[in-house]
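Right, one structure below, let's go through it.
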Amino acid sequence: MNFTKSIIYWYSTNKRDLPWRKTVNPYKIWLSEIILQQTQVKQGLPYYEAFVSKYPTIFHLANAPENNVLKLWQGLGYYSRARNLHATAKHIVNEFNGVFPNTYKDIIKLKGIGDYTASAIASICFNEVTAVVDGNVYRVLSRYFNIDTPINSSKGAKEFKSLAQELINKKDPALFNQAIMEFGAKQCKPKNPDCNSCPLNNSCLALSLKKIDALPVKTKAVKAKKKYFNFLIYITKDNQTILEKREGKGIWQNLHQFPLIETKKPINAKTLNDVIKSYTFLKNKKFQLSLYNSQPVIHKLSHQHLYTKFWIINIDKLEGNTIPITKIKNYPVPVLISNFIESFNFNLV
DNA sequence: AAAACGGGGTG
DNA sequence: CACCCAGTTTT
């Protein structure tokens, strides 16, 4: 059996039972593909169920406020996926009457959809012969064909896409695409794959060359930078606090957080007290500042390590944009913030 | 071409 | 700690 037929046969007897495999509805396939970008099935599955349940059609999603969409996405990371998902839902409803585009060429024009996702939707929903290349496909092909072009280079992207496009089953592109990804996820795993049980172990070049551990090749990632975050948790006597929406370019765009002071170096209570004292909205007000966590919480992201301190500010009264502490869980917040909220029992205040 | 963008899991 | 995950967008 050749590569393509072997992969498809393996899939027929080894595939997992997953909810998005029971439909070819482009809305649901699209939703599943966005959720699964850079996300393992195990982590994405409950989010898929929650979205399908709360937003059964693209019209439900398009009509929802962005805050609600972000709230449902909370904890999954890469929040631009949720913002783009929502924006694209509105676009499809408003411009196309809710009808999903049905060719790779048109699908890839949509916000948040690149080559991988356009290929997945076009093949699964519309039987278009266009090969997916995700992390699984890179791994399977680089090993089987002993290709050491870095997968995170533009040369690698073209080379592997072209190879996958040659290998794809022209009669059932959807079947092949899902099969090779599942094969990568469950059989040709990143670490310690069970090559003894692999149906391709007679023809896999990396295996015969003892290069399984050396492939795929990926150029080095940059090291994460340290940042120092100081969140200010205002608490008034009438149980109000301040939550802000993150604007601008960086992480967690459009999510909410306690007012943040970011510094280059760790900051002590006296210095912070002086900074806060100078705020005009606190002029002539008395407040008490105390540090909640003596050791910083180290929140690790791909590109940043956030050394975080939570400062409690007890104060009699605040005017302006405060919210009741009881409403705090209505807002979409980063995991770093939701962990604090869970740990700091506001009910005791 | 390189960096930014999250959070969870593995060895 | 380094690497990976059904990648895309911005710089």
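The values are calculated or read from the model by the stated rules, or taken from the named source; none is laboratory data. Note that the coordinates shown come from a computational prediction; the quantities given were computed from them, not determined experimentally. Here Cβ is always computed from backbone atoms with ideal geometry, including for glycine, and neighbour counts include all displayed protein chains.
Worth pointing out:
Matching residues to (1) within 11 Å of DNA strand C (Cβ to nearest atom); (2) in contact (Cβ under 8 Å) with a residue 12 or more places away in the chain; (3) of a type in the set (Phe, Trp, Tyr):
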{"site": "A:2", "(1), (2), (3)": "no, no, no"}
{"site": "A:23", "(1), (2), (3)": "no, no, no"}
{"site": "A:35", "(1), (2), (3)": "yes, yes, no"}
{"site": "A:73", "(1), (2), (3)": "no, yes, yes"}
{"site": "A:92", "(1), (2), (3)": "no, yes, no"}
{"site": "A:102", "(1), (2), (3)": "no, yes, no"}
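To keep it simple, each residue is scored yes or no on (1) at pLDDT below 95; (2) of a type in the set (A, V, I, L, M); (3) part of a helix (DSSP H, G or I); (4) more than 16 Å from DNA strand B (Cβ to nearest atom).
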{"position": "A:29", "(1), (2), (3), (4)": "no, yes, yes, yes"}
{"position": "A:46", "(1), (2), (3), (4)": "no, no, yes, no"}
{"position": "A:70", "(1), (2), (3), (4)": "no, yes, yes, no"}
{"position": "A:78", "(1), (2), (3), (4)": "no, no, no, no"}
{"position": "A:81", "(1), (2), (3), (4)": "no, no, yes, no"}
{"position": "A:88", "(1), (2), (3), (4)": "no, no, yes, yes"}
{"position": "A:121", "(1), (2), (3), (4)": "no, yes, yes, yes"}
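- Count of residues meeting criterion [closer than 11 Å to residue A:311 by Cα and within 37 Å of the chain's Cα centre (by Cα)] in the range A:277-295: 6
- Subset of the range A:136-171 that is among the small types (Gly, Ala, Ser) and buried (at least 16 other Cβ atoms within 10 Å of the Cβ) - its residue that is nearest to DNA strand C (Cβ to nearest atom): A:157
- Hey, residue A:117 touching a residue at least 40 places away in the same chain (Cβ under 8 Å), within 12 Å of DNA strand C (Cβ to nearest atom) and polar (S, T, N, Q) or not: yes
- Complete set of residues in the range A:31-44 that are in a helix (DSSP H, G or I) and either closer than 16 Å to residue A:115 by Cα or of a type in the set (A, V, I, L, M, F, W, C) (or both): A:31, A:32, A:33, A:34, A:35, A:41
- So residue A:110, is it among the aliphatic types (A, V, I, L, M), in a loop (DSSP other than H, G, I, E, B) and within 16 Å of DNA strand B (Cβ to nearest atom): no
- Some residue of the range A:268-280 being modelled with pLDDT under 95, hydroxyl-bearing (Ser, Thr, Tyr) and within 30 Å of residue A:148 (Cβ to Cβ): no
- Wholly enclosed strands (runs of 3 or more DSSP E) of the range A:223-340 bearing at least 2 residues in contact with a strand residue (DSSP E or B) (Cβ under 8 Å, 6 or more places away or on another chain) and within 16 Å of DNA strand C (Cβ to nearest atom): A:225-236, A:297-300, A:304-315
- Of everything listed in (1) more than 16 Å from DNA strand B (Cβ to nearest atom); (2) in contact (Cβ under 8 Å) with a residue 40 or more places away in the chain; (3) not hydroxyl-bearing (Ser, Thr, Tyr), the single unmet condition for residue A:59 is (2).
- So residue A:197, is it at pLDDT 95 or above, assigned by TED's automatic domain parsing to the domain that holds residue A:22 and among the hydroxyl-bearing types (Ser, Thr, Tyr): yes
- Among the residues of the range A:106-157, those that are within 24 Å of residue A:3 (Cβ to Cβ) and among the basic types (Lys, Arg) comprise A:139, A:143, A:155.
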